[in-house]
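The structure under discussion appears below in the form of structure tokens.
The values are calculated or read from the model by the stated rules, or taken from the named source; none is laboratory data. Bear in mind the structure is a predicted one, so any value in this text is a computation, not a measurement. Because the Cβ atoms are built from the backbone with ideal geometry, glycine has one as well, and the counts that use them run over all protein chains shown.
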Amino acid sequence: MVTVKHGEAKAESPFERRGLSDEQLVAMFRTMVMQRTLENRGFQLNRQGKIPFASASEGHEAVQAGAAMAFARGKDVLVPYYRDLGLALGIGLTPYEVLLSLFARAADHSAGRQFPHHYASRSLGFHTISSVIAAQLPHAVGAAFALMHGREDGRAVLTTFGDGATSEGEWHESLNFAAVHALPIVFLCENNEWAISTPLAKQMGQPDVYKRAAGYGMPGAVVDGMDPIACYGGVADALARARSGGGPTLLEAKCYRFLSHTTDDDDRTYRSREEVEARRKEDPVPCFERLLIEHGVLTAEGAEALKRSVLEEANDATDRAEAMAYPLAADLYARVYAQRYDPWLDERDGMNDG
Amino acid sequence: MAVVSANSTVMNNVEAVRATLYEALKSDDRTLIIGEDVGARGNVFLITKDFIDEFGPRRIIDTPIAEASIVGIAVGMAMEGLRPIAEIQFADFIYPSFNQIVGEAAKTRYRSNGEYTCPMVIRTPYGGGVRGALSHSVCIEALFYHVPGLKIVAPAFPADVKGLLNAAIDDPDPVLFLEHKKTYRLIKGEVPEGHYTIPLGKANVLKEGKQLSVVSYGLYVHWALEAARTLEAEGFSVEVIDLRSIRPMDKTAILTSVEKTRRLLVIHEDNKFGGIGAEISAMVAEEALFHLDAPIRRLCGPDVPAMGYALPLEEEFMSSPAEMAGAMRELIAF
């Protein structure tokens, strides 16, 4: 079991890099900075009146950068939830694709249909999701069954959700089925302590989600969700077990949601500024930056240059995506079914579902 | 119907479902069955009896009692290239899976702009007349009929069961396949051998007539046919259309018939308010009002939660062939 440590204690602990190279560590940091930058960009564009909506993942950077580094691109399947901007970036979605989603442009993977942060990319093995909480978990289990069915050894499914999802019936059904069939899947709970306005204490009697694993007969583990290396290690171990036929794992990463749920939410109505400011000490982005500099993985100048390059890339992606066209009104009618379709099969006016 | 072989076998609807599923499992190893008691028990109607011995537990999957995830897991399988056939043991138990059908399966293609698709079938026995009471008798079609992205099939005859189930399994989008329990062993018919499909959305004119068009589906097709023959003996001429599919629905067949007979009676077991008959009536009123010589009539289930267990309650809920014949006479006399 990994010991959970938060914030400042981290830099004093021995540098456990879990086999990650300097390049991988810097890549994780860059993903985290990009997530933070694009996150802020979403809120800025909303406040400028350019986009109607964005949701918030600030505080989830460490768990998502770590999980993405453990994910085997081109092999594993990701079934995420809507607060996974960093995970999306970390497995290969580009900032430009993120901005296409925010701006709801025709070139977006959903062709401008989906809410922001509901990404998908078949080529990345990145499932399409709805906003219904925990509805993606049975899909993840079905995908894991498909990997097993095809005897495609060495592949696994990573599925993610917040603490709020653990109250849903489909959460239970999914873990139970995965355990019965020893499926190659990792259930990663990004526990940020808030289900919009509902705190953990009102969501569950036992605040440690990972302890529920025992009830399903699968391993459970917890990691410091503010420590990207610990998160990488936890997800990598669980994915390795899944890929080698060892079955599912319930992994909990304890993190925190620093911002309101979305641009339409105001967290001042339900939690104190003192609470949020106190938790800011654990902010994984500056903490990880300090760690990398302290251990010589990155220089202070290198970190500044990285942030500049991230900002340039984000600006470029914003400009390019904003310049792209909206979908056409006629696109509303496309891809409801495989073929052209009308609920009334009428051969007399040529409309036929084919 | 594209009949490949001239040979045919007489079977009932249960046997037709079973034979079709068996052939699908034999011919495509991406196909699997997932549901409650489909393995050793062989399904509560014995539709999948012994399948697990031949195809194994990875293709005949006994699930925990968890309808939302039966459908949801099938959605994930379909998104990853399998061709799952999910079974909801009784249609009355489908409600926990409503979001997975309506919010997930039906929207997968649309919300990913075609990057992901959901080619799956959800089979479920529905309907009354079997002393099934409140939770083993319901018709669910109107609840799902409203949902773009789904297709819905409700065959009445064994040959149609096979052709439409094959079409549903082959279909690239999610199909809800409704099997009327009362017809399972009651209805027998010839089923052609070999693989064939019937296009989803194509109705079947079972009996031609000149004075009245009767449109129905499922069990009531058989009773409407019986009533129409009664009227025929009385000297009337009634056309009977079996919709077979209710989404998409065969506008051509309905309008062609109504424009000929100038009278329309829609009969279904599901309750009237907001039912399939309401949509058919609205369509005919929009498209063929001035062809009509009489108001459109609907003979449907009453607006109560479900049929009761006691025989008088069930009989009151169901429309009998005699009631159907009465409605036909009234409409012709209008």
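B:GLN89 passes all but one of (1) surrounded by fewer than 20 Cβ atoms within 10 Å (Cβ to Cβ); (2) in a loop (DSSP other than H, G, I, E, B); which number fails?
(1)
Checking A:ALA68 against (1) of a type in the set (Gly, Ala, Ser); (2) closer than 19 Å to A:ALA236 by Cβ; (3) at pLDDT below 95, which test does it fail?
Failing condition for A:ALA68: (3).
Tell me yes or no: at least one residue of the range B:96-114 is in a loop (DSSP other than H, G, I, E, B) and in contact with a strand residue (DSSP E or B) (Cβ under 7 Å, 6 or more places away or on another chain).
no
May I ask you to list the residues in the range B:297-334 that are in a helix (DSSP H, G or I) and in contact with an Asp or Glu (Cβ under 7 Å, 6 or more places away or on another chain)?
B:PRO321
Which one of the conditions (1) outside any loop (DSSP other than H, G, I, E, B); (2) within 13 Å of chain B (Cβ to nearest Cβ) does A:GLY66 fail to meet, given that it meets all the rest?
(2)
Please specify each residue of the range B:185-203 satisfying the condition of being surrounded by fewer than 20 Cβ atoms within 10 Å (Cβ to Cβ) and either more than 14 Å from chain A (Cβ to nearest Cβ) or not β-branched (Val, Ile, Thr) (or both).
Just the residues of the range B:185-203 that are surrounded by fewer than 20 Cβ atoms within 10 Å (Cβ to Cβ), to begin with: B:185-186, B:188-190, B:192-197, B:199.
Matches in the range B:185-203: B:ARG185, B:LEU186, B:LYS188, B:GLY189, B:GLU190, B:PRO192, B:GLU193, B:GLY194, B:HIS195, B:TYR196, B:PRO199.
Six or more apart or on different chains, Cβ atoms under 8 Å: show the pairs whose first residue is in the range A:243-269 and of a type in the set (A, V, I, L, M) and whose second is assigned to a loop (DSSP other than H, G, I, E, B).
A:LEU250/A:MET218; A:LEU250/A:PRO219; A:ALA253/A:GLY225; A:LEU259/A:ALA56; A:LEU259/A:GLU58; A:LEU259/A:GLY59
Would it be correct to say that B:PHE273 is among the aromatic types (Phe, Trp, Tyr) and closer than 30 Å to B:PRO148 by Cα?
Considered against the rule, which asks whether it is among the aromatic types (Phe, Trp, Tyr) and closer than 30 Å to B:PRO148 by Cα, B:PHE273 comes out as yes.
Do the conditions hold for A:HIS109, that is, is it at the interface with chain B (Cβ under 7 Å from one of its Cβ atoms), over 14 Å from the mean Cα position of the chain (by Cα) and under 16 Å from B:ARG109 (Cβ atoms)?
For A:HIS109, the condition - at the interface with chain B (Cβ under 7 Å from one of its Cβ atoms), over 14 Å from the mean Cα position of the chain (by Cα) and under 16 Å from B:ARG109 (Cβ atoms) - is met.
For the range B:68-104, which positions are more than 9 Å from chain A (Cβ to nearest Cβ) and within 15 Å of B:PRO119 (Cβ to Cβ)?
The first filter runs over the range B:68-104 and keeps only residues more than 9 Å from chain A (Cβ to nearest Cβ), leaving B:83, B:85-95, B:97-98, B:101-102.
The answer is B:ARG83, B:ILE85, B:ALA86, B:ILE101.
Taking the residues in the range B:50-67 that are assigned to a loop (DSSP other than H, G, I, E, B) and buried (at least 16 other Cβ atoms within 10 Å of the Cβ) as candidates, determine which candidate is nearest to the other protein chains (Cβ to nearest Cβ).
Step one: of the range B:50-67, the residues assigned to a loop (DSSP other than H, G, I, E, B) are B:50, B:56-59, B:63-66.
Still in the list and also buried (at least 16 other Cβ atoms within 10 Å of the Cβ): B:59, B:63, B:66.
On the way: B:ARG59: 8, B:THR63: 7, B:ALA66: 4 Å.
Selected residue: B:ALA66.
Taking the range A:307-345, which residues are among the hydrophobic types (A, V, I, L, M, F, W, C), more than 9 Å from chain B (Cβ to nearest Cβ) and surrounded by fewer than 18 Cβ atoms within 10 Å (Cβ to Cβ)?
Residues satisfying the conditions are A:LEU311, A:ALA323, A:MET324, A:ALA325, A:LEU328, A:ALA329, A:ALA330, A:LEU332.
Considering only residues that are without any contact (Cβ under 8 Å) to a residue 12 or more places away in the chain and more than 19 Å from A:GLY245 (Cβ to Cβ), which ones fall in the range A:170-199?
Of everything in the range A:170-199, just one residue is without any contact (Cβ under 8 Å) to a residue 12 or more places away in the chain and more than 19 Å from A:GLY245 (Cβ to Cβ), namely A:HIS172.
Within the range A:29-40, is there a residue that is farther than 23 Å from A:ASN192 by Cβ and either surrounded by fewer than 16 Cβ atoms within 10 Å (Cβ to Cβ) or free of Cβ contacts under 8 Å to residues at least 24 places away in the same chain (or both)?
no
To keep it simple, each residue is scored yes or no on (1) crowded, with 24+ Cβ neighbours inside 10 Å; (2) touching a Phe, Trp or Tyr at 6+ places or on another chain (Cβ under 7 Å).
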| site | (1), (2) |
| --- | --- |
| A:LEU45 | no, no |
| A:LYS50 | no, no |
| A:SER55 | no, yes |
| A:GLU61 | yes, no |
| A:ALA65 | yes, no |
| A:LYS75 | no, no |
| A:LEU87 | yes, no |
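Just to be sure before I move on: is B:PRO125 away from chain A (no Cβ under 13 Å), crowded, with 24+ Cβ neighbours inside 10 Å and in a strand (DSSP E or B) in the structure I sent?
Yes, satisfied.
Across the range A:112-130, which residue is farthest from the other protein chains (Cβ to nearest Cβ) among those that are crowded, with 20+ Cβ neighbours inside 10 Å and out of contact with any Lys or Arg (no Cβ under 9 Å at 6 or more places or on another chain)?
A:PRO116
Anything in the range A:199-232 that is more than 24 Å from A:PRO284 (Cβ to Cβ), in contact with a Pro (Cβ under 7 Å, 6 or more places away or on another chain) and part of a loop (DSSP other than H, G, I, E, B)? List them, or say none.
Correct list: A:MET218 only.
Using the structure shown, decide if B:LEU46 is away from chain A (no Cβ under 14 Å), out of contact with any Asp or Glu (no Cβ under 9 Å at 6 or more places or on another chain), modelled with pLDDT of 95 or more and not in a helix (DSSP H, G or I). Don't jump to the end; show me each part of the working.
Details: away from chain A (no Cβ under 14 Å): yes; out of contact with any Asp or Glu (no Cβ under 9 Å at 6 or more places or on another chain): yes; modelled with pLDDT of 95 or more: yes; not in a helix (DSSP H, G or I): yes.
Yes.
From (1) more than 14 Å from chain B (Cβ to nearest Cβ); (2) in contact with a Leu (Cβ under 7 Å, 6 or more places away or on another chain), pick out the condition that doesn't hold for A:PRO80.
(1)
If I filter the range B:130-158 down to residues being part of a helix (DSSP H, G or I) and more than 13 Å from the chain's Cα centre (by Cα), which single residue comes out as nearest to B:PHE273 (Cα to Cα)?
B:LEU143
Checking A:ASP153 against (1) under 21 Å from B:LEU32 (Cα atoms); (2) outside any helix (DSSP H, G or I); (3) at pLDDT 95 or above, which single condition isn't satisfied?
(3)
Looking at the range B:150-160, is at least one residue under 28 Å from A:ALA104 (Cβ atoms), surrounded by fewer than 24 Cβ atoms within 10 Å (Cβ to Cβ) and facing another protein chain (nearest Cβ under 9 Å)?
Checking the range B:150-160: not a single residue is under 28 Å from A:ALA104 (Cβ atoms), surrounded by fewer than 24 Cβ atoms within 10 Å (Cβ to Cβ) and facing another protein chain (nearest Cβ under 9 Å).
Results for (1) facing chain B (nearest Cβ under 9 Å); (2) over 23 Å from B:THR117 (Cα atoms); (3) β-branched (Val, Ile, Thr); (4) not in a helix (DSSP H, G or I), shown as yes or no for each residue.
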position: A:VAL132; (1), (2), (3), (4): yes, no, yes, yes
position: A:HIS139; (1), (2), (3), (4): yes, no, no, no
position: A:ALA143; (1), (2), (3), (4): yes, no, no, no
position: A:LEU147; (1), (2), (3), (4): yes, no, no, no
position: A:PHE161; (1), (2), (3), (4): no, no, no, yes
position: A:GLY164; (1), (2), (3), (4): no, yes, no, no
position: A:GLU190; (1), (2), (3), (4): no, yes, no, yes
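Quick one: A:GLU97 ticks every box in (1) over 21 Å from B:ILE73 (Cα atoms); (2) assigned to a helix (DSSP H, G or I); (3) at the interface with another protein chain (Cβ under 8 Å from one of its Cβ atoms) except a single one, so which number is it?
(3)
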